[in-house]
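Notes to accompany the following structure.
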Amino acid sequence: MAFSAQNSITIKRLRSSDSLILTFGNNGIPLFQAIDEVSGAVSPNWEIAANQPVRIPTITSTRGLTANVLSHKWSHNGTEILFNGVESGGWITDSTGKFQINAGGHIKIIKNLASAINIAGDILSYTVQVSVAGVEYSLSGELDIVIQKMGASSYYAAVLADTESLSSDITSTNITTKLFQGVTEITSYHTKWFKDFVEWPDKVGQNNITVTRDDISGAQLFIVEMYKTSAAGEPILAKAGIRIIDVSDEYKVIVEITSSNKMVSDGNNVTVGAKIINMKTGAIYSPVGAVWRLDVMDRENWVSLKTSATNSIVVTTAETDRNGNHYDVDVMAEVTFS
């Protein structure tokens, strides 16, 4: 029987992975605001309840154990959000009046973050302490809030999933796309879907798709390209990607930093390694004839910046620093074996 498994790690200049997986659900609204270059208008307006994005932290044990939350906190651009305001409808407002939280730790943005003086992206950070089988763990994750100053010809694509983690209990997820031109949401466009770099013809032309466990081996990166029409030769308007994990697969690829240096900077590279874990036994599995591919992925355009045919790859400033800017990258690992 042939097997295939895949996983990836985001290099925030950089952190290692864990046997616990932190993902974020959503209410179908992307973390995106645009500012009109001429009028200064912000869209979508997050002061309107129907436009307010919600993010839902979820902790999953790869071995199916229960993760009990001991404590958690949200931060905005590195500053802890203090939820000490008025409670209404199960939501507590923070001290700035920009955010709300509920008993489950879900966060809602209720004020516009984009403005004439804030035209750069923001970051929401989540840190949680959990107990699993009597052992305590600390997990953290970040969510990019995309804020762009956009003219009428600028495009931005977003892709959202009902859940980014599948299992024997949750066997499918719905993935939706959104396209913005300037500050206006576009509802008519053509799509092409890819699994990693391989086109997925079954889904061509679909703005919303369903992904099942059969579509995933451990983890899978799905990329969507958006066009005005299906006509040949149309240029790509925008591209977006999302990673879906299957925590119940028999084999899982663990991607982790193996170098002493954990963050990319001038003269300091990061080495990322991958290994196969048998999820039934917890043991490292080293099959003969395993074929590896590791890619350093550009998270802006979802293209590969560097490829390795082994289970190790080195990330340097040649990949993170481009066009005078510093970027985070993903390292994606895939292996096939019998």
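The values are calculated or read from the model by the stated rules, or taken from the named source; none is laboratory data. The shown structure was predicted, so the numbers you read here are calculated from the model rather than taken from an experiment. Positions of Cβ are backbone-derived with ideal geometry, glycine not excepted, and every protein chain shown enters the neighbour counts.
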Q.
On the basis of being modelled with pLDDT of 90 or more and in a loop (DSSP other than H, G, I, E, B), does GLU225 make the cut?
A. no
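Residue by residue, here is whether (1) closer than 24 Å to ASP36 by Cα; (2) surrounded by 12 or more Cβ atoms within 10 Å (Cβ to Cβ); (3) within 21 Å of the chain's Cα centre (by Cα) holds:
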| position | (1), (2), (3) |
| --- | --- |
| ASN84 | no, no, no |
| SER138 | no, yes, yes |
| LYS149 | yes, yes, no |
| SER154 | yes, yes, no |
| ALA157 | yes, yes, yes |
Q: Quick one: THR163 ticks every box in (1) surrounded by 16 or more Cβ atoms within 10 Å (Cβ to Cβ); (2) within 23 Å of ALA49 (Cβ to Cβ) except a single one, so which number is it?
A: (2)
Q | Top-ranked residue of segment 228-244 - restricted to ones that are over 12 Å from the mean Cα position of the chain (by Cα) and part of a strand (DSSP E or B), ranked as surrounded by the most Cβ atoms within 10 Å (Cβ to Cβ) | A | ALA238
Q.
Are there strands (runs of 3 or more DSSP E) fully within segment 22-122 with at least 3 residues that are within 25 Å of HIS326 (Cβ to Cβ) and in the same structural domain as THR177 (by TED's automatic domain parsing)? List them.
A. 32-36, 68-76
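Quick grid of which residues meet (1) at pLDDT 95 or above; (2) not hydrophobic (A, V, I, L, M, F, W, C):
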residue	(1), (2)
ALA41	no, no
ASP94	yes, yes
GLY97	yes, yes
ILE109	yes, no
Q) Can you spot a residue in segment 274-297 that is within 30 Å of GLU185 (Cβ to Cβ) and surrounded by 14 or more Cβ atoms within 10 Å (Cβ to Cβ)? A) yes
Q. Condition test on ALA120, is it more than 18 Å from ASN27 (Cβ to Cβ), among the small types (Gly, Ala, Ser) and in contact (Cβ under 8 Å) with a residue 60 or more places away in the chain?
A. no
Q) Considering segment 297-323 alone, what residues qualify as being under 16 Å from LEU221 (Cα atoms), in contact with a strand residue (DSSP E or B) (Cβ under 8 Å, 6 or more places away or on another chain) and without any contact (Cβ under 8 Å) to a residue 40 or more places away in the chain? A) ASP298, VAL303, LEU305, THR307
Q.
Scan segment 135-152 and tell me whether some residue there is at pLDDT 95 or above and over 20 Å from PRO30 (Cβ atoms).
A. no
Q) Right, VAL247: surrounded by 14 or more Cβ atoms within 10 Å (Cβ to Cβ), within 22 Å of SER165 (Cα to Cα) and out of contact with any Ser or Thr (no Cβ under 8 Å at 6 or more places or on another chain) or not? A) no
(Q) Scan segment 244-259 and tell me whether some residue there is in contact with a helix residue (DSSP H, G or I) (Cβ under 9 Å, 6 or more places away or on another chain), touching a residue at least 12 places away in the same chain (Cβ under 8 Å) and of a type in the set (A, V, I, L, M, F, W, C). (A) yes
Q. Is segment 168-184 home to any residue that is outside any strand (DSSP E or B), under 19 Å from PHE32 (Cα atoms) and touching a residue at least 24 places away in the same chain (Cβ under 8 Å)?
A. yes
Q. Based on what the data block shows, is MET263 in the same structural domain as ASN174 (by TED's automatic domain parsing) and either in contact with a Leu (Cβ under 6 Å, 6 or more places away or on another chain) or of a type in the set (S, T, N, Q) (or both)?
A. no
Q. Given (1) within 23 Å of ILE313 (Cβ to Cβ); (2) in the same structural domain as SER43 (by TED's automatic domain parsing), where does ALA232 come up short, assuming only one miss?
A. (1)
Q | Lone qualifier among VAL288, VAL331, VAL314 - being assigned to a loop (DSSP other than H, G, I, E, B) and of a type in the set (A, V, I, L, M, F, W, C) | A | VAL288
